[in-house]
Amino acid sequence: MTEATRRTPGTPCWVSLMVHGLEATQEFYNALFDWEFEPGPQHLGPYVRALLDGKEVAGIGQLPPDRHLPIAWTPYLATVDADETAESIRCCGGTVAVGPLDAGEAGRMAVCSDPVGAVFGVWQAEAHHGTATAGPPGTPVWNELLTYETSSVGKFYRTVFGFEVEPVVSADHDYATLLVDGAPVASLHGVGNALPRDRGPHWMTYFEVADTDAAARLVLQLGGHVLRPPRDATAGRSALVTDPEGAVFTLVRSPSE
């Protein structure tokens, strides 16, 4: 179990979701992951933090009625200076869509996209350091970028955040691991034209579950969808699902150590 501390720059430190139906979304994730909720910073409108056993694991905010943006889980990458990182993102061909701006006393944030359009956040921690626990069922345990190809976008993330990019040598797969201080923190997966037309390049959050098959069935019962049924892979048994508003995420039961 990992306790909350100020993260090394580049480390994924938080995941957040913006939806239209905040109350219904809370009910879905409470039933699926046993999350409870408390109010968070309201700088962009109504916002709650999800708690698991009293520890913060994710954030959910409400979109204005007239904002029809893609509903998606967004990972936030740690930085010591959100303004400097935002400028670096612009200089390297990315886009800064929101901020940088203060989130009360919690910290300073920006919402950005890489040169091919994948959205991610930047978080400069003050009072709020991010996800307080990772590993137990109901916690975010991994983030993967699904993109066209990993080489050029890997250079972007390496330049902006200082990642070490470690390609996986394979004739069949375009895959790379992002490392901070020698430890893997996220991955890049180039899938070319196999990207969903309605989403394009995007970051994917993996949530740990105790039983992937049971969790996938529960998603259906709660009004979500199963896009890829449970299957075994190197990372464990996983399923690709959506919540009722269409946010895509992966359920995973990691291999036992």
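The values are calculated or read from the model by the stated rules, or taken from the named source; none is laboratory data. Computed from a predicted model, the values in this text were never measured in an experiment. For the accessible areas, the whole protein counts, side chains as well, though only heavy atoms, and no ligand, DNA or RNA atoms are used. Shrake-Rupley method; radii C 1.70, N 1.55, O 1.52, S 1.80 Å.
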Check your understanding: Binning every alpha carbon pair distance of the chain at 5 Å from zero, what are the percents per bin?
Key -> 1, 6, 13, 19, 21, 19, 13, 7, 1, 0
Review point. Any idea of residue 66's accessible area? Nearest 10 Å², probe 1.4 Å.
Key: 120
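Please compute the per residue accessible area over the chain with all protein chains in place, 1.4 Å probe, rounded to a whole number of Å².
Values: 12180 Å² over 257 residues.
Result: 47 Å² per residue.
For the range 90-167, with all protein chains present and a 1.4 Å probe, just round the carbon and sulfur fraction of the accessible area to a whole percent.
On the way: 1670 of 3160 Å².
The computed percentage sits at 53.
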Practice item. Output the Kirkwood hydrodynamic radius of the range 45-139, Cα pairs only, in Å rounded to one decimal. Key: 14.4
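How large is the convex hull of the C-alpha atoms of the range 204-257 per residue, in Å³?
On the way: hull volume 3.6 nm³, N = 54.
Roughly 66 Å³ of hull volume per residue.
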Exercise for review: Please work out the Cα center distance from the range 26-91 to the range 112-175, rounded to the nearest Å.
Suggested key: 17
Exercise for review: Using only the alpha carbons of the range 131-215, determine the length spanned along each of the three principal axes and report them from longest to shortest in whole angstroms.
Suggested key: 36, 34, 24
Study note, to complete from the structure: In a Gaussian network model of the chain with springs linking alpha carbons closer than 10 Å, the residue among 124, 42, 26 that fluctuates most is 42
Point to revise | Theoretical ellipticity at 222 nm over the chain - DSSP helices of four or more residues, -39500 (n - 2.57) apiece, nearest 500 | key: -5000 deg cm²/dmol
